Amino acid sequence: MGGSVITEVLEKSGRRCCICFGLNGDLDRKRGQIAHLDHNHQNNKIDNLAFLCLEHHDEYDTRNSQSKSWTINEVKHYRSDLHK
């Protein structure tokens, strides 16, 4: 992932998790990571990336057999709302 792409994701999010914001209106800065929304780590297009707190990134990347994980469309919706 190129430095300019990382910088753009971090600047747009302000290091705020879009899922925390979407669920609770939480605008606190978080320790987190940049998630590849399509789970393809080779796809570094800006539309495929979102800053998530560590807890939500872990939940997003985990495939559960019993509970429903976050969908790509949910995260993109929350990311869009946060960036506004």
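The values are calculated or read from the model by the stated rules, or taken from the named source; none is laboratory data. These numbers were taken from a predicted model, which means no experiment stands behind them. FYI the Cβ positions are ideal-geometry reconstructions off the backbone, even for glycines, and counts take in every protein chain you see. Ligands, DNA and RNA are stripped out before the accessible areas are found, and what is left, the full protein with its side chains, is counted by its heavy atoms. Shrake-Rupley method; radii C 1.70, N 1.55, O 1.52, S 1.80 Å.
Output the number of residues of the stretch 32-60 satisfying the condition of being open to solvent by less than 50 Å² (accessible area, probe 1.4 Å), outside any strand (DSSP E or B) and either in contact (Cβ under 8 Å) with a residue 24 or more places away in the chain or more than 15 Å from Ile6 (Cβ to Cβ) (or both). Explain how you work it out, then say what you get.
Kept after step one, since they are open to solvent by less than 50 Å² (accessible area, probe 1.4 Å), are these residues of the stretch 32-60: 32, 34-37, 43-44, 48-53, 56-57, 60.
When the remaining residues are screened for being outside any strand (DSSP E or B), the result is 37, 43-44, 48, 56-57, 60.
Those still in the list that are either in contact (Cβ under 8 Å) with a residue 24 or more places away in the chain or more than 15 Å from Ile6 (Cβ to Cβ) (or both) too: 37, 44, 56-57, 60.
Residues flagged as open to solvent by less than 50 Å² (accessible area, probe 1.4 Å), outside any strand (DSSP E or B) and either in contact (Cβ under 8 Å) with a residue 24 or more places away in the chain or more than 15 Å from Ile6 (Cβ to Cβ) (or both) within the stretch 32-60 amount to 5.
Kindly evaluate Glu74 against the criterion of being surrounded by 14 or more Cβ atoms within 10 Å (Cβ to Cβ) and free of Cβ contacts under 8 Å to residues at least 24 places away in the same chain.
It is false that Glu74 is surrounded by 14 or more Cβ atoms within 10 Å (Cβ to Cβ) and free of Cβ contacts under 8 Å to residues at least 24 places away in the same chain.
Among the listed residues Arg79, Arg63, Arg29, Arg15, identify the single one that is surrounded by 20 or more Cβ atoms within 10 Å (Cβ to Cβ) and either of a type in the set (Lys, Arg) or part of a helix (DSSP H, G or I) (or both).
None of the other options fit; the residue is Arg79.
Mind counting the residues in the stretch 1-12 that are of a type in the set (D, E, K, R) and surrounded by 13 or more Cβ atoms within 10 Å (Cβ to Cβ)?
Adding up the residues that qualify gives 2.
Considering each of Asp47, Asp38 in turn, give the residue that is closer than 17 Å to Leu82 by Cβ and charged (D, E, K, R).
Checking each option against the conditions leaves just Asp47.
This table checks each residue for (1) of a type in the set (S, T, N, Q); (2) out of contact with any helix residue (DSSP H, G or I) (no Cβ under 9 Å at 6 or more places or on another chain).
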{"site": "Phe21", "(1), (2)": "no, no"}
{"site": "Arg29", "(1), (2)": "no, yes"}
{"site": "Gln33", "(1), (2)": "yes, no"}
{"site": "Asp38", "(1), (2)": "no, no"}
{"site": "Asn44", "(1), (2)": "yes, no"}
{"site": "Asp61", "(1), (2)": "no, yes"}
{"site": "His83", "(1), (2)": "no, no"}
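Condition first: touching a residue at least 12 places away in the same chain (Cβ under 8 Å) and not acidic (Asp, Glu). Can you find one or more residues in the stretch 61-69 that meet it?
Residues of the stretch 61-69 touching a residue at least 12 places away in the same chain (Cβ under 8 Å): 61.
Okay, now just the ones that are also not acidic (Asp, Glu), so none.
No: the stretch 61-69 contains no residue that is touching a residue at least 12 places away in the same chain (Cβ under 8 Å) and not acidic (Asp, Glu).
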